[in-house]
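**Q** Quick one: the structure is below, and I'll ask about it shortly.
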Amino acid sequence: MTADLSRRMVLAAPVLLSACADTSVSAAPADVKQGTNSKLLVAYFTRSGNTKVIAGTVQRALVADLFEIRPAKAYPEDYEQTVEQARQERDRGYEPPLAATVKDIGSYDTVFLAFPIWGETAPPIIRSFLKAHDLSGKTLRPLITHGGFGPGNSASVLKSHAPAARIEQPFIMEADQERRTLNTVTGWLSQTGL
């Protein structure tokens, strides 16, 4: 467990340090953080921070622009409440409103879209992002994190919500610390007899 924690801390350190150094990110979180390669955008949605680490790494390596996808109404902080809300949204086909959109999506040639898998599919907010932004003729490069069940049907979601984009093979990484932690603590509690 210590190795996992240390690895995560090492991966998160550059993102945390860059956030501390760049006050414009916290001052205007809905805006695009400008890089110097203005033809590339990294758009990401994260809950636990795993996907943000990957998005930040790609953004820094490519000196791309960075945009955080956020719902107008934040998901609950409680993990299980978020899972239940996401399940209900998925089952109803609900696409939550976005807190902000990328103002000039047309200026980008390539969009890296980073997101976790929720309920074996792309989160409803990713569907909202794709619906709100015309990616026709653009290259879409998915960056997908999951908790052990793989990318689910996220490829079909991307194809149906960005039908005129050139969708590249995704980068897929298992990043399930939150679920693993929850299961470990729950298992331990069940052994306490309380």
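**Q** Somewhere in the range 115-134, is a residue farther than 22 Å from residue 94 by Cα, out of contact with any Asp or Glu (no Cβ under 6 Å at 6 or more places or on another chain) and among the aromatic types (Phe, Trp, Tyr)?
**A** Looking only at the range 115-134, we keep the residues that are farther than 22 Å from residue 94 by Cα, and these are none.
Taking every residue of the range 115-134 in turn, none turns out to be farther than 22 Å from residue 94 by Cα, out of contact with any Asp or Glu (no Cβ under 6 Å at 6 or more places or on another chain) and among the aromatic types (Phe, Trp, Tyr).
**Q** Can you tell me which residues in the range 87-123 are free of Cβ contacts under 8 Å to residues at least 40 places away in the same chain, assigned to a loop (DSSP other than H, G, I, E, B) and within 19 Å of residue 55 (Cα to Cα)? Please lay out each step first, then the result.
**A** Initial filter on the range 87-123 (free of Cβ contacts under 8 Å to residues at least 40 places away in the same chain): 87-98, 101, 104, 106, 117-122.
Filter again for assigned to a loop (DSSP other than H, G, I, E, B), leaving 93-97, 101, 104, 117, 119-120, 122.
Matches in the range 87-123: 101, 117, 122.
**Q** Got a sec? Which of 82, 36 is modelled with pLDDT under 95 and more than 30 Å from residue 184 (Cα to Cα)? Steps first, please.
**A** On the way: 82 fails: more than 30 Å from residue 184 (Cα to Cα).
36 is the lone residue from the list that is modelled with pLDDT under 95 and more than 30 Å from residue 184 (Cα to Cα).
**Q** Can you give me the number of residues within the range 55-65 that are surrounded by 24 or more Cβ atoms within 10 Å (Cβ to Cβ) and of a type in the set (A, V, I, L, M)?
**A** Adding up the residues that qualify gives 2.
**Q** Let me ask something additional. Suppose the filter is modelled with pLDDT of 95 or more, more than 26 Å from residue 63 (Cα to Cα) and surrounded by 13 or more Cβ atoms within 10 Å (Cβ to Cβ); does residue 161 pass it?
**A** Details: modelled with pLDDT of 95 or more: yes; more than 26 Å from residue 63 (Cα to Cα): yes; surrounded by 13 or more Cβ atoms within 10 Å (Cβ to Cβ): yes.
Yes; evaluated as a whole, the condition is true for this residue.
**Q** Tell me, please, whether a residue that is closer than 22 Å to residue 40 by Cα, surrounded by 17 or more Cβ atoms within 10 Å (Cβ to Cβ), aliphatic (A, V, I, L, M) and more than 17 Å from the chain's Cα centre (by Cα) can be found in the range 131-145. So that I can check it myself, show each step before the final result.
**A** We begin by selecting, within the range 131-145, every residue closer than 22 Å to residue 40 by Cα; these are 131-145.
If we keep only those that are surrounded by 17 or more Cβ atoms within 10 Å (Cβ to Cβ) too, we end up with 133, 135, 138, 140-145.
Remaining after also requiring aliphatic (A, V, I, L, M): 135, 140, 143-144.
Subsequent filtering for residues that are more than 17 Å from the chain's Cα centre (by Cα) retains 135.
Scanning the range 131-145, I find at least one residue that is closer than 22 Å to residue 40 by Cα, surrounded by 17 or more Cβ atoms within 10 Å (Cβ to Cβ), aliphatic (A, V, I, L, M) and more than 17 Å from the chain's Cα centre (by Cα), so the answer is yes.
**Q** Right, something else. Within the range 159-175, which residues are of a type outside the set (A, V, I, L, M) and part of a strand (DSSP E or B)?
**A** The initial filter retains those residues of the range 159-175 that are of a type outside the set (A, V, I, L, M), namely 159-161, 163, 166, 168-171, 174.
Passing the criteria: 166, 171, 174.
**Q** Oh, and also: Mind listing whichever residues of the range 97-139 are modelled with pLDDT under 95 and of a type in the set (Lys, Arg)?
**A** Within the range 97-139, just 103 meets the criteria.
**Q** Considering every residue within the range 69-86, establish whether at least one is part of a helix (DSSP H, G or I) and under 18 Å from residue 112 (Cβ atoms).
**A** Of all residues in the range 69-86, those part of a helix (DSSP H, G or I) come to 79-86.
Restricting the remaining residues to those that are under 18 Å from residue 112 (Cβ atoms) gives none.
For the range 69-86, residues part of a helix (DSSP H, G or I) and under 18 Å from residue 112 (Cβ atoms): absent.
**Q** Quickly run through the range 68-97 and pick out the residues that are surrounded by 17 or more Cβ atoms within 10 Å (Cβ to Cβ), under 22 Å from residue 155 (Cβ atoms) and either touching a Lys or Arg at 6+ places or on another chain (Cβ under 8 Å) or among the small types (Gly, Ala, Ser) (or both).
**A** 86, 95, 96 - these are the residues of the range 68-97 that are surrounded by 17 or more Cβ atoms within 10 Å (Cβ to Cβ), under 22 Å from residue 155 (Cβ atoms) and either touching a Lys or Arg at 6+ places or on another chain (Cβ under 8 Å) or among the small types (Gly, Ala, Ser) (or both).
**Q** Of all residues in the range 124-152, which are assigned to a loop (DSSP other than H, G, I, E, B) and of a type in the set (Ser, Thr, Tyr)? Lay out the reasoning, then the answer.
**A** Here is the first cut: in the range 124-152, the residues assigned to a loop (DSSP other than H, G, I, E, B) are 133-138, 147-152.
Within the range 124-152, 136 is the sole residue that qualifies.
**Q** Would a scan of the range 108-121 turn up a residue that is surrounded by fewer than 20 Cβ atoms within 10 Å (Cβ to Cβ) and in contact with a strand residue (DSSP E or B) (Cβ under 6 Å, 6 or more places away or on another chain)?
**A** Scanning the range 108-121 turns up at least one residue that is surrounded by fewer than 20 Cβ atoms within 10 Å (Cβ to Cβ) and in contact with a strand residue (DSSP E or B) (Cβ under 6 Å, 6 or more places away or on another chain).
The values are calculated or read from the model by the stated rules, or taken from the named source; none is laboratory data. Note that the structure is predicted; figures quoted are calculated from it, not measured. Please note: Cβ atoms are built from the backbone with ideal geometry, for glycine as well, and neighbour counts cover all protein chains shown.
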